1. Apply the Debye scattering formula to segment 244-288, with a single equal point scatterer on each alpha-carbon and no solvent, then give log10 I(q)/I(0) at q = 0.21 Å⁻¹.
2. Short version: ³J(HN,Hα) in whole Hz for each residue of segment 98-114, in order, from phi by Karplus 6.51 cos²θ - 1.76 cosθ + 1.60 (θ = phi - 60°), x for Gly and Pro, what are they?
3. Restricting to bridges with both residues inside the chain, how much of the DSSP beta-bridge set is antiparallel, in percent to the nearest 5?
4. Cα-Cα pairs above 18 Å in segment 3-55: how many percent?
5. Through the Karplus equation 6.51 cos²θ - 1.76 cosθ + 1.60, θ set to phi - 60°, convert the phi angles of segment 169-185 into ³J(HN,Hα) values in whole Hz; use x for Gly and Pro.
6. Out of Thr66, Thr119, Thr169, any idea which swings most in a Gaussian network model of the chain, alpha carbons joined below 10 Å?
7. Please determine, in degrees from 0 to 90 and to the nearest 10, the orientation of helix 188-197 with respect to the longest principal axis defined by the Cα atoms of the chain, where the helix direction is its Cα long axis.
8. Could you list, bin by bin from short to long, the percent of Cα-Cα pairs of the chain in 5 Å steps?
Amino acid sequence: MEQKKPFLGIIGGSGLYDIEGLKNPKWNKIASAFGSPSNNILTGKINNIDIAFLPRHGKNHTLMPTNINYRANIDCLKKIGVTDIISFSAVGSLKENIKPGQFLLVDQFIDRTFSRNKTFFDEEIVAHVSMAKPVSTQLVNIIISSNINGLQIHKKGTYLAMEGPHFSTLAESELYRSWNCDVIGMTNMPEAKLAREAEIAYATVAMVTDYDCWHPDHEDVTVEQIINVLSKNSNNAKFLIKNIFKKIENKTWDWTDPAYSALENSIITPPEARNASTVKKLQAIAGRVL
């Protein structure tokens with residue numbers, strides 16, 4: 001990689017719809033062969049670091065998790081040069097010690113979604129990327145070192161991605177707890193898989209809003225309850241983001257993360273069998289290896 005610094009993408013989840021303090025902010029309409037992204041993309045600089053911000057559900061939260069065009073979102077971020085993504089996502093807790101208002105840095109995912117396009121390589125060109133270690137250690141370490149005073153951040157955990165938009169039944173919640181999952185959400189899959197296919201390093205800041213429905217002393221989760229915690233989480237996320245950029249500005253970037261070369265030996269379809277129109281469609285995502 002020739003860049004001395006990364007181009008950081010921030011994907012905002014529920015409660016995080018904008019980024020403050022950008023130099024030369026501009027909302028950009030980016031076209032994708034995979035359809036329309038969730039919103040125009042906000043670009044600018046913070047501490048001399050390029051940033052692109054995308055509100056996952058749209059600025060007015062008009063997209064439910066299943067209807068988000070994850071492929072267009074990642075394709076558009078890749079097109080403008082994003083090298084790394086930090087995803088901020090509202091989640092429910094499946095563990096007693098992971099409390100509402102706290103954050104968790106995900107290191108593993110279990111994908112239980114079933115109604116979403118999960119790959120860029122679904123027409124004529126086939127690729128298989130590794131998802132064994134789906135999260136960037138470099139990004140996680142930066143987030144940990146950027147912590148603001150008083151914010152409890154759990155350093156690892158498994159994120160169960162459910163389809164939604166309904167919350168879990170009690171039986172489902174207990175099932176996921178028996179799998180030793182830590183948090184449950186609706187949006188990080190297939191987002192993390194698509195980021196890996198696009199050779200973008202990825203990390204998730206899971207912002208806990210509730211105890212799902214398993215906790216015996218906890219009311220059944222409601223939107224009103226979640227919104228109250230979302231407000232607090234959103235303010236903490238904004239402070240954390242500012243500190244993250246300070247850390248990145250002073251860091252020599254490590255470009256050896258396998259995410260940056262995930263497609264190196266992943267495409268199975270031989271060159272002579274690749275349709276020109278499909279190659280063109282995948283130019284931003286896989287042009288380096290195609």
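The values are calculated or read from the model by the stated rules, or taken from the named source; none is laboratory data. Please read these numbers as outputs of a predicted model, since none were measured by experiment. Reconstructed Cβ throughout: ideal geometry from the backbone, glycine too, with neighbour counts over all protein chains shown. These accessible areas exclude ligands, DNA and RNA; they are computed on the full protein's heavy atoms, side chains included. Shrake-Rupley method; radii C 1.70, N 1.55, O 1.52, S 1.80 Å.
1. Evaluating at q = 0.21 Å⁻¹ gives log10 I(q)/I(0) of -0.80.
2. Coupling constants for segment 98-114: 9, 9, x, x, 8, 10, 9, 9, 6, 10, 9, 10, 10, 9, 10, 7, 9 Hz.
3. Values: 15 of 42 bridges.
Here the share of antiparallel DSSP bridges comes out near 35 percent.
4. On the way: 459 of 1378 pairs.
So the portion of pairs separated by more than 18 Å is 33 percent.
5. Listing the rounded values in order: 6, 4, 4, 5, 4, 5, 4, 5, 5, 5, 7, 6, 6, 9, 9, 10, x Hz.
6. Thr169
7. Once rounded, one gets 20 degrees.
8. 1, 6, 13, 17, 19, 17, 13, 8, 4, 2, 0, 0, 0
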